[in-house]
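FYI, it's all coordinate maths here, none of it is from the lab. In this text, all values refer to a predicted model and were calculated from it rather than measured experimentally. When we count neighbours, we look across all protein chains shown, and the Cβ atoms used for this are built from the backbone with ideal geometry, even at glycine.
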Amino acid sequence: IAQMVDVITVVPVSPEALEPVLTKAREAGIVVISHEAQGIQNVDWDVEAFDGRAYGAHLMDKLAAVMGEEGDYIISVGSLTAASHMSWANGALEHQLATYPNMNCINADAFVESNYNQKASQEKAAELMKTYPNLKGMFVTSATDLPGYALAIEEAGKQDEICLAGNGVPNANKDYLSSRALDVLGCWDPAEAGFAMCKVGELVKNGIEIVDGMDLGIPGYENVRVEGNVIIGQAWKNITMDSPEDDWF
C-alpha cells in the first residue's frame with residue numbers, strides 16, 4: 001500500500017484476517033484481486049478456478065468409485081479457516097450424504113485440521129488408521145498435507161485397504177500414484193490462476209467491464225461465470241499416471 005502499486009493479488013489462508021488491510025488498499029485506490037477466497041468482502045474481484053462445492057463433489061465421486069461406494073472415511077482440511085478447503089470439504093460431504101448412503105464420514109462434525117504440515121499429516125494419518133481399523137477412505141484438501149497421508153498409507157502397506165483422494169501438486173504425488181498409495185488426485189494449475197488474477201486486475205484498472213461468459217484468454221478461464229464479485233472458471237484437472245507431461249508441474 002505504501003508503494004502505491006496499481007494492483008494487489010492475494011491468496012489468503014484466512015480471508016477474515018486480511019479484510020482490514022485490504023479495505024485500506026482499496027481506499028488508497030489500489031485494485032485488489034483474490035484467489036481461493038470465495039466470500040471475501042474487501043476485494044474488487046475474487047477469481048476461482050472452479051466452483052468449490054462442485055470440485056469437492058467431483059472428488060467425492062472419484063473416491064466413492066474406488067471405495068465401492070461403501071465404508072467409513074475421514075475428511076481432512078489444511079485449516080478450518082481456509083475458505084476454499086472448507087468449501088471443497090462441505091461440497092464433498094453434502095454430495096456423499098445425498099448420493100452414497102452406504103458411505104460414512106466418521107468426522108462429519110469435526111474435520112481433521114492438518115495445518116499445512118506434511119510430517120504432522122503423516123503422523124495424523126497413522127494415528128487415524130490405528131484408531132479406526134475399519135477405515136476405508138481419506139479425503140484430503142490440503143496440497144501440502146496430501147503426500148503425508150499417502151506416505152503413511154504406503155508405509156503401513158495399506159494401499160489395497162485404504163483409498164486416498166485429494167487435492168495436490170502432481171509432481172509431489174507422482175510416486176504415490178505409481179505405488180497406489182494415492183488413488184485420486186485433483187488439482188488446478190496455480191500458474192494459470194495467477195495469470196487469471198493479473199488479467200482481471202489489468203481489466204479493472206483499465207475500466208473494462210467483466211461479464212458472464214467472458215474469455216480471459218487463459219486455459220480454464222475461457223468462459224467464466226460471474227456471481228457477485230466472484231469470477232469462476234472451469235479449470236480443475238484429474239491427474240493420473242497417463243496425464244500429459246505438461247500436467248506434471
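Taking other C-beta atoms within 10 Å as the exposure proxy, Val32, Val5 rank Val5, Val32 from fewest upward.
Percent antiparallel among DSSP beta bridges with both residues in the chain, to the nearest 5? Among the beta bridges of the chain, antiparallel pairing accounts for roughly 20 percent. What does the net charge come to around Leu216 if you take all other residues with beta carbon closer than 9 Å to its beta carbon, with K and R at +1 and D and E at -1? Value of the local net charge: -1. Note on Lys119 and Ile210: their simple-model spin labels are 3.9 nm apart, each label 7 Å out from Cα toward Cβ. In terms of other Cβ atoms within 10 Å, His35, His85 run from fewest to most in the order His35, His85. Can you tell me the orientation of helix 15-27 relative to the chain, as the angle in degrees between its alpha-carbon axis and the longest Cα principal axis, to the nearest 10? The angle comes out at about 10 degrees.
Scaled to the globular estimate 2.2 N^0.38 Å, the Cα spread of the stretch 52-187, given as radius of gyration, is 0.91.
Each peptide in 97-107, 227-237 was scored by the mean count of other Cβ atoms within 10 Å over its residues; highest first, the order is 227-237, 97-107. With only Cα atoms counted, the chain has Rg and Dmax values of 18.9, 58 Å.
On the principal axes of its alpha-carbon atoms, the stretch 183-249 has extents of 43, 19, 14 Å, going from largest to smallest. Modelled spin-label separation between Asn171 and Val226, with each label point placed 7 Å from Cα along the Cα-to-Cβ direction: 3.6 nm.
Principal axis analysis of the Cα atoms in the stretch 123-212 yields extents of 58, 23, 22 Å, listed in decreasing size. For Thr240 and Val21, the FRET efficiency from 1/(1 + (r/R0)^6), where r spans their Cβ atoms and R0 equals 30 Å, is about 0.15.
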